[in-house]
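Here the structure is laid out as structure tokens; the discussion comes afterwards.
The values are calculated or read from the model by the stated rules, or taken from the named source; none is laboratory data. A quick note: this is a predicted structure, and the numbers were derived from the prediction, not measured. Ideal geometry is used to build each Cβ from the backbone, glycine not excepted, and the neighbour counts take in all protein chains shown. Areas reflect the complete protein model, heavy atoms only, side chains present, ligands, DNA and RNA absent. Shrake-Rupley method; radii C 1.70, N 1.55, O 1.52, S 1.80 Å.
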Amino acid sequence: MRRISIGLLAIGLLVVSCKNKEQQEDTTTIEKTSNKDKEISEFEEGALTYQMSFSDTIVEDFLRAISEDPLYSKELGKKYISQLPAEQAEHLNAFIKANPSFITRYGTLPFLKNNIYVAGYEVVYKGEGPSYVLENRWNDLLEEGQGYAGSTIVPNAKLNFRYGKGFLEAEQLQTNITLDKYDRVATGVVSEIAGYPVEKIIYTRKPSVVSGERILPKLVTVYNSKAFNPVINKVMPYLVAEEYGILKLEVELSESEHSIQMIYQANMVVKRKLIEDETSILATKAFVAVKENRDFLALDLNLAKIIVPPSL
């Protein structure tokens with residue numbers, strides 16, 4: 001009888017132990033699921049700071065040096081190269097020779113400042129290039145936007161403009177990466193940027209595509225996150241129509257042996273309520289309403305006085 005009691009006690013303890021173990025495993029599973037959900041929780045409102053850089057630091061430092069005063073970029077360029085070590089000067093001269101239009105084409109990129117503020121379906125961009133300040137607000141539900149462009153070197157050269165969806169399609173402020181010109185491959189590779197999981201997507205320009213007046217990069221790699229509304233993509237220098245918001249772009253800018261990438265990456269992401277200064281754009285008296293194709297030309301002429309490319 002005693003043996004039976006001991007046996008029943010052992011069985012009882014085993015059952016209790018198994019139940020406790022199952023409960024612990026269930027709790028662990030819930031915790032893991034909860035943590036996973038937390039990682040990809042929707043970023044509804046907040047601020048993102050992007051940093052624009054180039055894979056070739058010698059070229060990047062040169063661009064920043066001549067951007068200190070775009071009106072005297074030739075003089076600044078000669079002085080800068082003359083002060084470089086011989087090996088670096090040789091590398092820079094070889095790059096410029098292989099890519100003669102690189103400086104004027106990409107020297108206007110906003111590599112001095114790139115801030116994005118998002119709240120729901122509205123996004124505001126505040127950026128700065130070598131010769132200008134650019135602010136841009138887009139509402140995805142209304143499909144309309146407002147912008148401000150102002151020169152930092154030419155007095156009183158500034159304007160506001162209002163635009164619609166056709167403005168984005170006309171690539172007035174950005175280059176569009178579209179599926180009719182690129183092959184898209186979702187790699188399935190997941191990493192983390194600014195604390196958020198991102199998936200790597202590769203866009204390769206189709207061999208049959210002729211760039212024409214607008215130079216299309218051969219390769220564009222994007223890292224998007226399910227946590228972000230794709231509205232943030234509408235105000236980036238390269239507009240990629242991804243389903244989710246992009247936290248990093250890698251753009252192959254040159255196809256010569258002296259190739260170089262532009263990297264555009266969020267290095268700070270803060271979820272918080274936005275203040276009024278972050279959701280508004282600068283205002284001035286000069287105004288252009290972009291409604292028809294002929295309005296694009298008027299805006300281009302005005303922007304050409306503000307966004308001044310450096311020259312060598």
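For the pair region 273-292 and region 144-195, the centres of their Cα atoms are 16 angstrom apart. Over region 142-201, the ratio between the Cα radius of gyration and 2.2 N^0.38 Å evaluates to 1.71. Which angle from 0 to 90°, rounded to the nearest 10, does the C-alpha axis of helix 57-66 make with the longest principal axis of the chain? Approximately 40 degrees, to the nearest 10.
Taking every alpha-carbon pair under 8 Å whose residues sit at least 6 apart, the chain reaches a relative contact order of 24 percent. Computed from Cα atoms, the angle from the helix 2-39 axis to the main principal axis of the chain rounds to 10 degrees. Calculated [222 nm] ellipticity per residue, helices only, for the chain: -9500 deg cm²/dmol; basis is -39500 (n - 2.57) per DSSP H run with n ≥ 4, divided by all residues, nearest 500. Residues in region 96-103 carry Karplus couplings, in order, of 4, 5, 6, 10, x, 9, 4, 5 Hz; the curve used is 6.51 cos²θ - 1.76 cosθ + 1.60 with θ = phi - 60°, and Gly or Pro positions show x.
When the chain is treated as a GNM with alpha-carbon contacts under 10 Å, the residue of K97, K271, K248 showing the greatest mean-square fluctuation is K97.
Please identify every one of the GluC sites (Glu not before Pro) in region 206-276 that sits in a loop by DSSP and has no more than 16 other beta carbons within 10 Å of its own beta carbon. Spell out each step's value before the answer.
Values: sites: E213, E242, E243, E250, E252, E255, E257, E276; in loops: E213, E242, E243, E255, E257.
When the GluC sites (Glu not before Pro) of region 206-276 are filtered for loop state and at most 16 Cβ neighbours within 10 Å, E213, E243, E255, E257 remain.
Note that region 83-89 has calculated 3J(HN,Hα) couplings of 9, 7, x, 3, 5, 5, 5 Hz, one per residue in order, obtained from phi through the Karplus relation 6.51 cos²θ - 1.76 cosθ + 1.60 (θ = phi - 60°); glycine and proline are x. Can you tell which of L179, L48, L247 shows the greatest fluctuation in a Gaussian network model of the chain with Cα springs below 10 Å? It is L179.
Using Cβ point charges alone (K and R +1, D and E -1), the dipole size of region 155-240 about the Cα centre works out to roughly 140 debye.
From the square roots a ≥ b ≥ c of the eigenvalues of the alpha-carbon gyration tensor of region 218-312, which class results: rounded (a/c under 1.5), prolate (a/b over b/c), or oblate? Don't skip to the answer; put the middle values down first.
Numbers: a/c = 1.88, a/b = 1.11, b/c = 1.70.
Cα axes put region 218-312 in the oblate bin.
Under 5 Å between amide hydrogens, built in the peptide plane, is the criterion, and for Y182 it picks out K206 among residues at least 5 positions away or on other chains. Remark: region 220-300 carries 50 Å² of accessible area per residue (probe radius 1.4 Å; ligands, DNA and RNA excluded).
Close lysine pairs were tallied over region 215-310: pairs 8 or more places apart or on different chains with Cα atoms under 29 Å apart number 17.
Mean separation of Cα pairs under 8 Å and 6 or more residues apart, divided by the residue count, gives region 103-147 a relative contact order of 29 percent.
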